[in-house]
Amino acid sequence: MTPDFDQDHFKMFGLPVRFGIDVTQLDQAYRKVQAEVHPDRYSVGSGAEKRLSMQWATRANEAYQTLKKPVARARYLLALAGIDTQEETNTAMPPQFLVQQMTWRELVTEARGQRDVGGLDAVAGELRTLERALHLELARSLDDSPDHGHAAGLVRKLRFLEKLAEEIRAAQESMEH
Amino acid sequence: MALLQIFEPGESTAPHQHRLAVGIDLGTTNSLVATVRSGIAEVLPDREGFPLLPSVVRYFPDGAVQVGRLARLSQSDDPENTIISIKRFMGRGVADVARYGAMPYQLEDAPGMVRLRTCAGVKSPVQISAEILKLLRMQAEESLAGELVGAVITVPAYFDDAQRQATKDAARLAGINVLRLLNEPTAAAIAYGLDNCSEGTFAVFDLGGGTFDVSILRLTRGVFEVLATSGDSGLGGDDFDQAILSHWRQSQGIASANQKDMRRLLMESRALKERLTAATEAIAAVDLSYGQHVSLGLSQGEFWDMTAPLVQRMLAPVRRALRDADLAVDDVDGVVMVGGATRMPHVQKAVADFFGKTPLNNLDPDKVVALGAAIQANILAGNRRADELLLLDVIPLSLGLETMGGLAERVIPRNSTIPVARAQEFTTFKDGQTAMAIHVVQGERELVSDCRSLARFELRGIPPMAAGAARIRVTYQVDADGLLSVAAEETLSGVHSSIEVKPSYGLSDDEVAAMLQAGFQHAESDLAARALAEQRTDAARLIEALRSALRADGDELMTRDEILEVESGISRLEDAASGGDHHVIRTRIDELSQATELFAARRMNKSVAAALTGRKLEELSNL
């Protein structure tokens with residue numbers, strides 16, 4: 001017998017299946033679930049209880065991480081609707097977006113070369129602003145007037161930005177050594 | 001033993017019997033054991049009243065072992081056989097420990113972990129650590145007047161899988177049931193959080209004798225959520241001693257010191273470091289064995305300059321942890337200092353300057369980790385309801401596997417909350433390929449050769465297919481101790497292979513069994529008696545838990561037949577437990593545990609549902 005694993009991540013935390021969620025409610029529900037199922041509660045339990053508790057806690061962590069991050073949440077919602085976001089295969093992007101990406105990439109390379117921490121922070125800041133705008137657009141295309149194709153495109157854009165943010169972090173880290 | 005009372009026919013005893021459990025801080029320099037008594041966490045001192053047990057183990061040619069203060073006092077008599085700072089060797093190879101500076105030991109490069117050749121034979125760091133743990137266990141059982149249910153053992157948060165597994169093996173070798181491996185900064189946060197009822201975001205800065213950790217935690221009403229952890233498992237107070245020692249040798253040309261002199265110089269260097277915590281100037285002096293008298297005068301300022309690079313080295317992990325937690329320095333509400341080495345004023349100052357606030361030092365930095373571990377042990381042993389305190393910890397280093405071209409592919413990223421599982425699919429690259437090698441690695445670097453190799457295993461028996469047709473699913477599962485197990489399966493054919501990641505660093509079960517055998521001075525019958533007592537205790541615990549669960553939820557969640565089945569399983573186990581064969585008891589325990597899995601699953605589902613709908617759990621069960 002497996003635990004009640006068939007339910008989706010939203011149901012696990014008693015949340016409505018939508019992009020716009022109350023993050024505080026998510027945090028609280030996650031902690032409540034973990035307080036019940038965490039292996040620390042079953043350290044003197046039976047073998048069956050220990051195994052189940054690890055499965056449950058693992059599942060709760062996965063669900064929480066998925067719902068907590070907007071991109072992962074959007075990707076998951078699309079997957080529930082049977083839509084593949086094709087992040088590895090579909091690299092077609094609007095030209096304007098690509099130009100912006102290239103400009104940022106150049107700035108990052110330049111800042112890295114000159115060990116310019118401020119320059120990196122500036123790009124990271126612009127990135128965050130665009131990310132927030134895309135999150136708002138995601139809320140519209142997933143909740144208000146559903147357009148899954150458009151939402152998938154937004155997820156692909158956000159994945160691009162994530163990769164760039166990772167590069168900035170790597171550059172920041174390399175400067176500290 | 002009180003637990004055995006449950007074997008009396010008729011009613012079971014009260015469900016809330018106090019179970020003896022301890023927290024153990026197995027430190028590089030000192031080790032401690034603590035417990036919760038009458039609701040208060042306290043360190044258990046040894047017979048002479050000392051709370052700290054020096055982590056020093058001396059071997060004698062006749063096989064005798066001396067652990068603690070006496071071994072430390074006499075360490076320069078026989079430095080080759082008096083092992084200090086063994087924690088730095090746990091799960092490490094010869095190349096790793098070579099970085100720590102000059103050592104008098106005769107090292108042997110065994111597969112995975114280095115071994116030490118002593119006058120009492122070749123010893124692994126696991127065995128040497130087990131000697132320390134054994135003494136702590138006896139010390140605890142003596143002062144608590146009973147056998148321990150188990151212990152929470154602390155490890156540096158930045159310990160990798162090999163180091164954690166080695167620690168767990170050492171505990172097992174010392175006859176300790178490990179309730180949980182707990183990260184040291186998290187343990188400290190528990191002691192601090194419960195003491196001060198703190199809420200907010202905290203950084204724990206833990207500089208021990210040989211390891212450095214920094215953890216960023218968020219505390220909210222009894223929930224301790226580790227957001228990120230970082231550190232350097234090869235950086236500690238010992239390095240400050242070594243800095244003084246090498247300065248001393250260089251400045252005074254003490255080149256050809258023998259091992260005894262070297263150990264004396266090191267001891268004096270350490271004493272000098274400690275004096276410089278309070279004094280602005282101090283002097284160290286040693287009479288070397290060939291009659292020469294050497295002394296070193298050092299000012300605080302000189303010592304700080306000399307060790308500034310070490311202090312600088314600590315700030316990079318701090319920045320990394322903040323970045324991983326997605327926080328700025330200002331978001332941190334408080335900084336907690338842990339570990340004896342944080343007493344150094346320039347370390348305090350560097351941390352204060354970095355965070356822009358005065359660090360908290362109101363708990364003894366030597367004891368705080370053991371106290372936190374004791375609080376956790378008390379809960380895990382079932383003496384307190386677990387939902388008063390919830391720990392959500394993370395893995396410190398990414399886990400991955402080797403792919404084409406010697407590159408490491410990340411499967412579980414660092415700072416993932418545990419327990420965590422992640423599956424990744426791979427395929428074959430040759431036509432008719434029937435086996436696939438899986439190389440499990442840990443670390444942040446791109447090249448496998450720069451990461452730590454944890455294990456290699458093979459998935460065999462893949463049916464021959466065209467290249468790229470097989471679907472090989474590799475699943476990583478990290479448990480609540482931070483330990484990894486890996487399984488691989490070809491999903492089209494169902495061929496399965498799995499491994500608990502330990503062969504390349506830890507000890508095999510057979511090795512542990514052999515060492516246990518050798519370690520006990522008892523006759524074989526005593527060993528059997530111990531095994532019997534352990535299985536009886538396990539049986540008693542399972543029966544007690546099941547009876548209580550049946551009382552609470554049996555009628556609601558089970559059919560009459562299901563209940564009868566469980567009850568007959570219980571009586572079969574009771575029969576076995578009153579017999580003398582520990583193998584039979586184990587079999588019955590496993591059978592009963594399996595037979596009640598359905599019940600356990602329903603109870604867990606019910607408790608989750610109840611928690612979310614806001615009903616109080618007490619209304620539903622009284623476990």
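Since every read-out is calculated from the coordinates, none of them should be taken as a lab result. It should be emphasised that the depicted structure is a prediction, and the values quoted were computed from it without experimental measurement. Cβ coordinates were reconstructed from backbone atoms using ideal geometry, including for glycine residues, and neighbour counts include every protein chain displayed.
Brief remarks follow.
- Look at the alpha carbon pairs under 8 Å that are at least 6 residues apart: their mean separation over the length of the stretch B:22-66 gives a relative contact order of 30 percent.
- Calculated on the alpha-carbon coordinates, the convex hull of the stretch B:303-442 measures out at 193 cubic angstrom per residue.
- The Cα-based radius of gyration and maximum Cα-Cα distance (Dmax) for the stretch B:11-88 are 17.0, 60 Å.
- Applying both filters, DSSP loop and at most 13 other Cβ atoms within 10 Å, to the GluC sites (Glu not before Pro) of the stretch A:62-96 gives A:E88.
- Footprinting exposure proxy for B:R414, B:R320 (fewest neighbouring C-beta atoms within 10 Å first): B:R414, B:R320
- Farthest towards the positive end of the charge dipole of the protein assembly as shown, among the residues A:Y42, B:Y192, B:L173, is the Cα of B:Y192, using unit charges on the Cβ of Lys, Arg, Asp and Glu.
- Note that chain B shows a convex hull volume over its alpha carbon atoms of 181 Å³ per residue.
- The stretch B:364-415: Cα Rg divided by the 2.2 N^0.38 Å rule of thumb: 1.82
- Projected-area mean, the protein assembly as shown, by convex hull of Cα positions, square nanometres: 37.4
- Compactness relative to 2.2 N^0.38 Å, alpha carbon Rg of the stretch B:168-209: 1.52
- Among beta bridges from DSSP that stay inside the protein assembly as shown, the antiparallel ones total about 80%.
- Separation of the B:L447 and B:D431 label points, Cα + 7 Å toward Cβ, nm: 3.5
- Trypsin sites (Lys or Arg not before Pro) lying in DSSP loop within the stretch B:204-283, provided at most 13 other Cβ fall within 10 Å: B:R221
- Taking every Cα-Cα distance in the stretch B:304-385 and sorting them into 10 Å bins from zero, the calculated P(r) comes out as 15, 38, 32, 13, 3 percent.
- Overall, the ratio between the Cα radius of gyration of the stretch A:61-177 and 2.2 N^0.38 Å, rounded to two decimals, is 1.16.
- Principal semi-axes in Å for the stretch A:4-80 [√(5λ), Cα gyration tensor, largest first]: 25, 12, 9
- Relative contact order (%) - criterion: Cα under 8 Å, at least six apart; region: chain B: 13
- In percent, rounded to a whole number, the relative contact order of the stretch A:36-138 is 15, using alpha-carbon pairs under 8 Å and six or more apart.
- Between B:M306 and A:M175, the simple label model (points 7 Å from Cα in the Cβ direction) yields a spacing of 3.5 nm.
- Taking the C-alpha atoms only, the angle from helix B:509-519 to the longest principal axis of chain B is near 70 degrees.
- Net length gained if the chain between B:T277 and B:A102 were fully extended (0.36 nm per residue, minus Cα distance): 60.5 nm
- Unit charges on C-beta of K, R, D, E only; dipole of the stretch B:11-160, Debye: 280
- Rg/Rh for the stretch B:381-473 (Cα atoms only, Rh after Kirkwood) is 1.15.
- Inter-probe distance in nm under a simple model that places probes 7 Å from Cα toward Cβ, at B:D62 and B:Q424: 5.6
- Centroid-to-centroid separation of the stretch B:116-160 and the stretch B:274-299 [C-alpha atoms, Å]: 34
- Under the convention that each Lys and Arg Cβ holds +1 and each Asp and Glu Cβ holds -1, the size of the dipole of the stretch A:24-63 around its Cα centre is about 80 debye.
- Computed [θ] at 222 nm, helices only, for the protein assembly as shown once each DSSP H run of length n ≥ 4 contributes -39500 (n - 2.57): -14500 deg cm²/dmol
- Three semi-axes describe the equivalent ellipsoid of the stretch B:15-166; taken as square roots of 5 times the Cα gyration tensor eigenvalues and ordered largest first, they are 29, 18, 13 Å.
- For the protein assembly as shown, a simple Cβ point-charge model (Lys and Arg +1, Asp and Glu -1, everything else neutral) yields a dipole of about 660 debye relative to the Cα centre.
- Chain B: angle of helix B:161-173 to the longest principal axis, Cα-based, in degrees nearest 10: 80
- Using a cut-off of 27 Å between Cα atoms, the listed pairs B:K123/B:K260; A:K32/B:K367; B:K260/B:K367 include A:K32/B:K367; B:K260/B:K367 as exceeding that distance.
- Angle between chain A longest axis and helix A:47-68 axis [Cα atoms, degrees, rounded to 10]: 30
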